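First comes the structure, then the notes that go with it.
The values are calculated or read from the model by the stated rules, or taken from the named source; none is laboratory data. Remember, predicted model here, so these are calculated numbers, not experimental data. Please note: Cβ atoms are built from the backbone with ideal geometry, for glycine as well, and neighbour counts cover all protein chains shown.
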Ligand code: 8YV
């Protein structure tokens, strides 16, 4: 018997947990259903792993009433275009800040103290004798972290940094006196953050303004001992410029949760450098956080299907 549940276009496969949560409520159809006959029966779009949603996709889906995104960043969705068509876009703000800030700090600690390199060495054939002269890293406590983007995730990174006895500088579109007061962090212009920081952490959303926020010129302004941490989006950093800077030891190291492109081609030179610690976009990847994201994205989806206000709606800028 054909399903009577509302048809929702999704970039399948979903994880077991997300699928189990959605399936009692909706009939999930694969992304390529947009190009097949019957596309006009689709009433919602569910984005799980950042597929592109733009005007030409929406042209094929005339009955869509809502777009629900599993995650907070919506740079893969043309929100102004959806808004123009009267289609609300929902996301999952707030619930992943802690996990993503934890990942920023995990990368900061790992890159500064050469954790992954040390793990490889400790397991490898060359570790036959302890030697106090090998693998010296960079101090964490007492150093300065500069955070680009003092939103929800940035302020959680700042809190962790204060707990590690670090000085905190930040740069943001708007000053955040509330965070300055609560956490004792200092606002600085972009160049000062670059020049003064031992760790530069990126937590900005990807927009036209933040694309290649860190390029050749910015890397050249950083200390030769500085470490760059990106938990934002890959294109916030110019990959070629970063690869060059790391290969030439113009900066000390990088810790990357995201890359551009993502994934990098397997033979990419960045992947061969020992001063890069890289994980495959794991910022929010804990059972608890992903569970909360799934619940929120379902609430948005169901509200949109019922033509109700979305509990967590993205506002077009
Ligand atoms: C998720 C993210 O991994 O929320 C975001 O913007 O990038 C991550 O939390 C992602 O959205 C799920 O695909």
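Kindly indicate whether any position in region 107-127 is away from the ligand (no atom under 12 Å from the Cβ), under 14 Å from the mean Cα position of the chain (by Cα) and crowded, with 17+ Cβ neighbours inside 10 Å.
Yes, the conditions are met somewhere in region 107-127.
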Exactly one condition in (1) touching a residue at least 40 places away in the same chain (Cβ under 8 Å); (2) within 16 Å of the ligand (Cβ to nearest atom); (3) crowded, with 18+ Cβ neighbours inside 10 Å is false for residue 51; which is it?
(3)
Some residue of region 155-174 being in a helix (DSSP H, G or I) and over 30 Å from residue 211 (Cα atoms):
yes
Output for region 237-264, where each listed residue is within 16 Å of the ligand (Cβ to nearest atom) and free of Cβ contacts under 8 Å to residues at least 40 places away in the same chain
237, 258, 259, 260, 261, 262, 263
Region 139-151: number of residues that are surrounded by fewer than 17 Cβ atoms within 10 Å (Cβ to Cβ) and in contact with a helix residue (DSSP H, G or I) (Cβ under 6 Å, 6 or more places away or on another chain):
0
Flag if residue 16 is under 15 Å from residue 62 (Cα atoms), in the same structural domain as residue 297 (by TED's automatic domain parsing) and out of contact with any helix residue (DSSP H, G or I) (no Cβ under 7 Å at 6 or more places or on another chain)
no
Can you find a residue that is touching a helix residue (DSSP H, G or I) at 6+ places or on another chain (Cβ under 7 Å), farther than 28 Å from residue 190 by Cα and not assigned by TED's automatic domain parsing to the domain that holds residue 202 anywhere in region 260-270?
no
Of the residues in region 270-295, those that are touching a residue at least 24 places away in the same chain (Cβ under 8 Å) and away from the ligand (no atom under 16 Å from the Cβ) come to 270, 273, 274, 275, 276, 277
Do we find that residue 99 is in a helix (DSSP H, G or I), within 16 Å of the ligand (Cβ to nearest atom) and more than 16 Å from residue 317 (Cβ to Cβ) in this structure?
yes
If you take the residues of region 303-317 that are more than 22 Å from the chain's Cα centre (by Cα) and crowded, with 19+ Cβ neighbours inside 10 Å, which of them is nearest to the ligand (Cβ to nearest atom)?
310
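Condition check: more than 14 Å from the ligand (Cβ to nearest atom) and either crowded, with 16+ Cβ neighbours inside 10 Å or free of Cβ contacts under 8 Å to residues at least 60 places away in the same chain (or both). Does residue 267 satisfy that?
yes
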